[in-house]
Amino acid sequence: MQAWRPVGRRRPASPAEEQGALAWWKAMAWGSLFVRFALPTLLLWAWGLALHGGAHPGWWGALALVSIFNAWQAFGLLLGFQRGLKERLYLWPARVAADVAAPGLWALVAGLAWLAAALGPAWSRPLALAVGSVATFLAAAFGAYACVSILMGPRTLRLREQDPGREGDFPPPMGLPGRLRLAHLSDLHLTVADDVNAEYGGPGGNAAYRALLKAHGRRLQRQQAVLLTGDLVDSGRAGEWERFFDPWDRLGLGDRCVFVPGNHEINIIDPGDWSALDPAHVLRAKRLVRTLAALDRLQGQRAWVLGPQGPRRLRQHLADHAALLTGFIEDPGLMGRPAPWLRRLAYLVSGRGLPSSAGLKERLRRLDAVWRASFPQMVELPGTRALAVVVNSNVDAVSLWDNALGQVTPEQLARLQRLAALPRFRGRPRLTLLHHHVALPPLPWGWLRNFKADLMSLLNPRDLVAALPPGRQLILHGHKHLSYFGRLEGRFQVVSAPSSTLRDERAPRRPRGFYTLAVAWGPGEVTLAGKPEFWDYKA
């Protein structure tokens with residue numbers, strides 16, 4: 001069965017079409033924010049300024065309306081994030097905080113603002129009104145986020161770190177006769193061109209990627225498998241995927257690699273502009289399709305998913321939905337098709353009545369079902385009974401707040417256990433691959449940066465490890481560009497890859513590079529078989 005390949009094989013929207021549509025979506029999204037937030041606030045503030053000459057009762061009304069309005073709108077802004085976050089939380093105090101933190105902080109800040117307006121001199125009341133309106137919005141918008149995140153911290157698992165430079169930290173495993181040679185690459189962050197910056201603000205990994213393959217291409221060809229744990233591209237654009245596949249295909253590595261998607265493949269909108277919004281998830285849909293095409297191109301014939309009638313190859317699963325998937329790529333007007341002015345106005349005022357092509361919501365619903373059914377995957381590795389389990393740990397998100405959060409849904413974990421119980425896979429050793437951190441070592445940073453790292457780790461790591469088979473298990477991931485090895489709860493070996501093209505965030509002066517791993521496996525078990533080797537290069 002031939003792979004369907006919208007990545008670089010079919011006509012995508014032209015750069016001009018895609019940029020024009022993206023600009024239109026940005027204008028609509030920011031227009032919505034202005035109409036719903038800024039304009040009413042400015043009008044109420046102007047009313048307060050007109051009354052600043054004395055202790056007019058209108059002051060109280062203006063301040064109360066601004067405070068209540070901002071709090072209400074902030075709740076609306078948080079609604080999607082907060083609802084999704086609460087669904088991912090298994091710790092009941094965090095659920096309580098999600099419900100009480102925002103109104104509690106709003107009441108506190110609004111009360112202080114009203115007190116300042118009542119007790120201060122007349123000239124200070126406009127300032128009190130302005131501060132009160134901004135502060136109540138910020139308190140409502142960030143209060144639940146901060147409190148919930150703090151309560152999430154204790155759920156992060158901690159592991160006993162191993163030094164990759166010490167042979168004694170990686171003793172020879174007993175009772176596991178099988179051997180496997182692996183290379184582990186991650187977080188390449190390729191952009192559409194060398195002069196286009198990545199999301200973090202600096203150059204993308206294009207030049208370093210070419211240098212890596214030039215220096216170590218033959219070494220990669222000698223490995224039994226090459227593991228790619230996400231963020232190969234920086235924002236999921238077609239041109240970025242072409243930057244990845246062009247040199248990769250020339251080396252003939254497609255028959256031995258295993259790819260798991262990261263948040264940059266599917267959740268990042270515009271690497272150069274965090275203000276880009278995607279309220280209908282249309283841009284995200286196009287990135288999902290490109291990522292599915294990449295998965296099919298790299299491992300479609302070796303990956304198995306759970307279908308309605310049992311296991312089936314990923315390529316067959318996606319081919320059944322080829323018309324739906326390629327439609328998102330080949331319709332250049334999908335993102336920016338004009339809508340009637342009344343519908344646009346309704347969207348600006350309420351955020352509802354999203355501008356879209358006919359039947360888009362149904363198409364998005366069907367695409368989401370195809371995406372969810374594509375995970376987990378059991379990927380066969382060449383020349384061995386061992387399997388690589390591809391787990392999607394990305395949340396469904398397009399915002400600055402939560403695009404990098406990670407969770408493995410209960411439905412996906414249930415499918416994983418059903419797949420593992422099938423005769424084809426029962427008892428076979430499995431490497432578990434995902435994008436997000438399952439556990440963190442002690443980090444030497446300040447509390448704020450450590451807190452951010454905790455927040456961007458997997459939200460439900462205990463659920464994932466509980467779904468893995470007994471005995472020694474190997475978990476590999478990328479995400480935060482942190483290089484470490486460690487033991488978790490005695491039997492889990494965790495391998496975290498740095499960015500293979502940018503840098504190791506724990507050791508910024510260290511040369512770029514990647515690790516090769518010797519892996520031992522036996523019936524139902526897999527772990528490292530010795531000290532990992534690091535291979536650097538000059539970009």
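The values are calculated or read from the model by the stated rules, or taken from the named source; none is laboratory data. Bear in mind that the values here come from a model prediction, so they are computed numbers and not experimental data. Every residue, glycine among them, receives a Cβ derived from its backbone with ideal geometry; neighbour counts consider all protein chains shown.
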Practice task
Only residues in region 502-531 that are more than 20 Å from His216 (Cβ to Cβ) count as the first member; pair them with residues that are outside any strand (DSSP E or B) and among the polar types (S, T, N, Q), Cβ under 7 angstrom, at least 6 apart or cross-chain, and list the lot.
Solution key: Arg506/Ser483
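Among the residues of region 440-485, write down those that are of a type in the set (Gly, Ala, Ser), outside any loop (DSSP other than H, G, I, E, B) and more than 26 Å from Ala303 (Cβ to Cβ). Break it down stepwise before answering.
Residues of region 440-485 of a type in the set (Gly, Ala, Ser): 446, 453, 457, 466-467, 471, 478, 483.
From the residues that got through so far, the ones that are outside any loop (DSSP other than H, G, I, E, B) too are 453, 466.
Matches in region 440-485: Ala453 only.
Scan region 214-236 for residues that are in a helix (DSSP H, G or I) and surrounded by fewer than 18 Cβ atoms within 10 Å (Cβ to Cβ) and jot them down. Please lay out each step first, then the result.
Taking region 214-236 and keeping what is in a helix (DSSP H, G or I), we get 214-221.
If the condition is that a residue be in a helix (DSSP H, G or I) and surrounded by fewer than 18 Cβ atoms within 10 Å (Cβ to Cβ), then Lys214, Ala215, Gly217, Arg218, Arg219, Gln221 are the ones that fit.
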Completion exercise
Note on region 182-207: residues farther than 21 Å from Tyr484 by Cβ, touching a residue at least 24 places away in the same chain (Cβ under 8 Å) and not in a loop (DSSP other than H, G, I, E, B) are Leu190, Asn197, Asn206, Ala207
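Considering every residue within region 491-502, establish whether at least one is among the charged types (D, E, K, R), under 30 Å from Thr191 (Cβ atoms) and in a loop (DSSP other than H, G, I, E, B). Please lay out each step first, then the result.
Within region 491-502, the first condition is being among the charged types (D, E, K, R), and the residues that meet it are 491.
Add one more test, that the residue is under 30 Å from Thr191 (Cβ atoms), and what stays is none.
Looking for residues that are among the charged types (D, E, K, R), under 30 Å from Thr191 (Cβ atoms) and in a loop (DSSP other than H, G, I, E, B), one finds none in region 491-502, hence no.
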Practice task
For Val408, state whether it is buried (at least 20 other Cβ atoms within 10 Å of the Cβ) and part of a loop (DSSP other than H, G, I, E, B).
Solution key: yes
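Okay, residues lined up against (1) modelled with pLDDT under 95; (2) closer than 21 Å to Gly254 by Cβ; (3) buried (at least 22 other Cβ atoms within 10 Å of the Cβ):
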| site | (1), (2), (3) |
| --- | --- |
| Ala276 | yes, no, no |
| His281 | yes, no, no |
| Val289 | yes, yes, yes |
| Trp304 | no, yes, yes |
| Pro308 | yes, no, no |
| His321 | yes, no, no |
| Thr326 | yes, yes, no |
| Glu330 | yes, no, no |
Fill in the blank from the handout: Taking region 513-531 and keeping residues more than 20 Å from Thr384 (Cα to Cα) and either in contact with a strand residue (DSSP E or B) (Cβ under 6 Å, 6 or more places away or on another chain) or outside the structural domain of Pro441 (by TED's automatic domain parsing) (or both) leaves Gly513, Phe514, Tyr515
